[in-house]
Amino acid sequence: MTFTAQILTLYPDMFPGPLGTSLAGRALAEGKWVCDTINPRDFTTDKHRSVDDTPAGGGAGMVLRADIMAAAVDHAVERMADKVRSSRAQSRDGLAGNDVSTSLNQNGDGALAAVSGEPVEPRLSDGRRSSTSSGLTDSPSPKPPIIAMTPRGKPLTQARVREIAAGPGITIICGRFEGFDERLFDARDIEEVSIGDYILSGGEMGALVLLDACIRLLPGVMGASSSGDDESFENVILEYPQYTRPQIWEGRIIPEVLRSGDHAKIAAWRKQRAEEDTRLRRPDLWERHRDTPDQSPSGAQEKDKDKE
């Protein structure tokens, strides 16, 4: 199934933007994902196509209207549902052309057969079954999330990115001005997400970040399925430092252990450096790694400074 990205934005020309190049761009050209934009102004009723109004209670700036944004969201939900149904129908039709098709499960302990067009049980990008059934299934795909990019949202995590990438797609709402009328979130099933503790001009840059994180995890996008296994945040802690040729640069030499050829020692060194760098640079992640939620990040940082 092709991963579908729908972006609700007042500036549709910003997409796919940088996602039209490099890995994401190649995947887009190959049909591994599609990028659709929806302009909320298309759902306005006045001649000025206004999507915002002054904040209730007074204050600076403007606020995105709940009625206009909800109309755009409802349209996006319907369109996404149509795309998912169409994609699933095409998958069934493709399998129907074969009398019998089989695929070994990940453990190699058996084969799943699809006869007369019944689909083989789908799997997520990490190899897990998408349902608890032990046989064939025609269960629906995970519900595509609707995410609003806003500094008031929960921080984006790699775990959440993996969940999204394993599904059929995503609808992203890009905030502007002073943000959204809160009633939009009360009335619709929308997840609020932030990419960091800072303010941007709008949600479009955050949407690009979120999409890039998801697209690289889609099957066939990265050269090797294990390419991202050791990267920062995949295992909670930061990634170990990397080196390459030349062996000596400006008097600085690649650590001896990395030149030893001893894979056990190299693995131990990388683990030690990853933990050390995480402890010093990201005490919040280090706490999670050590499973000590009762200790404050500032306290952990102060203790590390005392040891130095």
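The values are calculated or read from the model by the stated rules, or taken from the named source; none is laboratory data. Everything numeric in this text was worked out from a predicted model, so none of it was measured. Methodologically, a virtual Cβ is constructed for each residue, glycine included, from the backbone with ideal geometry; neighbour enumeration extends over all protein chains shown. Heads up: the accessible areas ignore ligands, DNA and RNA and are worked out on the full protein's heavy atoms, side chains in. Shrake-Rupley method; radii C 1.70, N 1.55, O 1.52, S 1.80 Å.
Scanning the stretch 63-86 for residues that are assigned to a helix (DSSP H, G or I), of a type outside the set (S, T, N, Q) and open to solvent by 30 Å² or more (accessible area, probe 1.4 Å) yields Asp67, Ala71, Asp74, His75, Val77, Glu78, Arg79, Ala81, Asp82, Lys83, Arg85. All of Lys271, Lys305, Lys265 fail the test of being at pLDDT below 95 and in a helix (DSSP H, G or I), apart from Lys305.
Quick grid of which residues meet (1) closer than 30 Å to Thr37 by Cβ; (2) of a type in the set (Ser, Thr, Tyr); (3) modelled with pLDDT of 95 or more:
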{"site": "Ser201", "(1), (2), (3)": "yes, yes, yes"}
{"site": "Ala207", "(1), (2), (3)": "yes, no, yes"}
{"site": "Asp212", "(1), (2), (3)": "yes, no, yes"}
{"site": "Ser227", "(1), (2), (3)": "yes, yes, no"}
{"site": "Asp230", "(1), (2), (3)": "no, no, no"}
{"site": "Phe233", "(1), (2), (3)": "yes, no, no"}
{"site": "Gln247", "(1), (2), (3)": "no, no, yes"}
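Looking at the stretch 43-62, is at least one residue at pLDDT 95 or above and part of a helix (DSSP H, G or I)? Scanning the stretch 43-62 turns up at least one residue that is at pLDDT 95 or above and part of a helix (DSSP H, G or I). Can Asp109 be described as out of contact with any Pro (no Cβ under 8 Å at 6 or more places or on another chain), modelled with pLDDT of 50 or more and either over 24 Å from Ala70 (Cβ atoms) or hydroxyl-bearing (Ser, Thr, Tyr) (or both)? Considered against the rule, which asks whether it is out of contact with any Pro (no Cβ under 8 Å at 6 or more places or on another chain), modelled with pLDDT of 50 or more and either over 24 Å from Ala70 (Cβ atoms) or hydroxyl-bearing (Ser, Thr, Tyr) (or both), Asp109 comes out as no. Each residue in the stretch 1-43 was checked for being buried (at least 20 other Cβ atoms within 10 Å of the Cβ), more than 18 Å from Leu64 (Cα to Cα) and among the polar types (S, T, N, Q), and 2 of them qualify. Assigned to a helix (DSSP H, G or I) and at pLDDT 95 or above: does that describe Leu285? Criteria not met by Leu285.
Within the span defined as the stretch 137-157, every residue fails to be modelled with pLDDT under 95, out of contact with any strand residue (DSSP E or B) (no Cβ under 8 Å at 6 or more places or on another chain) and part of a strand (DSSP E or B). Contact map, the stretch 236-254: first residue in contact (Cβ under 8 Å) with a residue 40 or more places away in the chain, second residue open to solvent by 90 Å² or more (accessible area, probe 1.4 Å), Cβ cut-off under 8 Å, separation 6 or more or different chains; pairs are Val236/Arg288; Leu238/Arg281.
With respect to being without any contact (Cβ under 8 Å) to a residue 24 or more places away in the chain and open to solvent by 50 Å² or more (accessible area, probe 1.4 Å), Asp53 fits the description.
With respect to (1) open to solvent by less than 50 Å² (accessible area, probe 1.4 Å); (2) in contact with a Pro (Cβ under 9 Å, 6 or more places away or on another chain); (3) assigned to a helix (DSSP H, G or I); (4) within 24 Å of Lys143 (Cα to Cα), the lone exception for Ala89 is condition (2).
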